[in-house]
Structure formats: structure tokens, C-alpha cells
1. Output wanted: per-residue J couplings in Hz (rounded whole) for segment 159-170, from phi through Karplus 6.51 cos²θ - 1.76 cosθ + 1.60, θ = phi - 60°, x for Gly and Pro.
2. Scan around Met61 for amide H atoms under 5 Å from its own, H built in the peptide plane at 1.01 Å from N, and keep only partners 5 or more places away or cross-chain.
3. Given the peptides 77-85, 15-23, 44-52, 27-35, arrange them by the average over their residues of other C-beta atoms within 10 Å, most packed first.
4. Starting from the Cα-Cα distance between Lys25 and Ile127, subtract it from 0.36 nm times their residue separation and give me the gain in nm to one decimal.
5. Can you give me the relative contact order of the chain as a percent, contacts being Cα pairs under 8 Å and 6 or more apart?
6. Show that you can apply the helix-only estimate: for the chain, add -39,500 (n - 2.57) for every DSSP H stretch of four or more residues, divide by all residues, and state [θ] at 222 nm to the nearest 500.
7. Nearest 10 degrees, 0 to 90: what angle lies between the long axis of helix 16-30 and the longest principal axis of the chain (Cα atoms)?
8. On a straight-distance basis, which lysines could pair with Lys59 in a cross-link, Cα separation under 16 angstrom, same-chain partners fewer than 8 positions away excluded?
Amino acid sequence: MAEAKWYVVHTYSGYENKVKANIDKAIENRHLEDEILEVRVPMQDVVEMKNGVAKQVSKKMFPGYVLLHMIMNDDTWYVVRNTRGVTGFVGPGSKPVPLTEEEMRPLGVGGETVNIDFAEGDTVSVIAGAWKDTVGVVQTLNMNKQSLTIMVELFGRETPVELGFSEVRKM
């Protein structure tokens, strides 16, 4: 099987989040979870001064572009290329060119791997983020995205929550 690489897709300006949502929906509908691993709109926190008041806001690092971690084949190319709001892949002609690890490192996506000490079925405690101090049971692990899904009780119902490996600790 081919290795997943990062590709850049050009979108209509201001449509980055809509394109991400549309691609995520297409992945789900066509069961391409194993081929299109991640869709990302890189954001950065910046401080803006307005009326003498400093305010921290998130801005898109590359307006008009969306990053895709995917295995390039005819199916994935077709799905992404024909998503509403996508104008094309970045690369010469119609041939998408993958980004190198050196190009991805400044975006917080590198070759580093995280060794984890938990597995499916283990009980973990959330140590960061909105779900801090929540306890849940690991349902799935996604090594490519370095995330896991736990079940938490929300309004009396079991609800799946996806978290990064660094946000949890084994109990």
C-alpha cells in the first residue's frame, strides 16, 4: 500500500473551512477514512491591536489553501478535486506534488512519533483541553492522527470524544 503524504489544495478565498467540511463529509460517505487521513486548515494565534486593546485571535496561516494527509490515487484525487470550493491541487499541471517533512515541520506536523502507554479498553484521564478532569474508556486509537476516541457521559448519554495523545494520561 502506498504511503500517505501531505498535499495542498487551492480553494476559493474564505471557503477553507467549508471545503474542509465538504471533504470530511465525502470521506465519511465514501468510506475513505483509510486513504484520506486528515484535512487541516492551519491556524495561528496572533495578537491584534484594536482601539488600543490587545486581542488574541486565530487566523488562517495560508488563506485559500487546505492541507490534506492522504494516499494519492485516482479515487482520492477525484473526490478532492471535485469537492465544491476546490480549484485544484498545488503542483505543475494536474499532478499534485506532496510536501516534504521539512516543509511540514513548521506547521507542527513532523516525523516525530509519540509512544503511548495505553490501548483500547484502558481507562484514561483527560489532563488538558475542554474535557480536562474527565475520565473515559479508550474506544479507538488513530496512530496517523495521534489521537484516540473515548466515551464520556454527557447529559446522561455515552458520547464519543476525539482527543490527542498528549491530552490524556493512563489511570
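1. Once rounded to whole Hz, the list reads 10, x, 10, 9, 9, x, 4, 6, 8, 10, 9, 5.
2. Met43, Gln44
3. Ranking, from highest mean packing down: 15-23, 77-85, 27-35, 44-52.
4. Full-extension gain reported as 33.7 nm.
5. On the way: 287 pairs, mean separation 35.7, N = 171.
Once divided by the residue count of the chain, the mean separation gives 21 percent.
6. -4500 deg cm²/dmol
7. Rounded to the nearest ten degrees, it is 70.
8. Excluding near neighbours in sequence, the set is Lys18, Lys20, Lys50.
The values are calculated or read from the model by the stated rules, or taken from the named source; none is laboratory data. Only a predicted model underlies this, so the values are computations on that prediction, with no experimental measurement involved. Note that we place each Cβ from the backbone using ideal geometry, even for glycine, and neighbour counts take in every protein chain shown. Quick note on the areas: whole protein, heavy atoms, side chains included, nothing else; ligands and nucleic acids left out. Shrake-Rupley method; radii C 1.70, N 1.55, O 1.52, S 1.80 Å.
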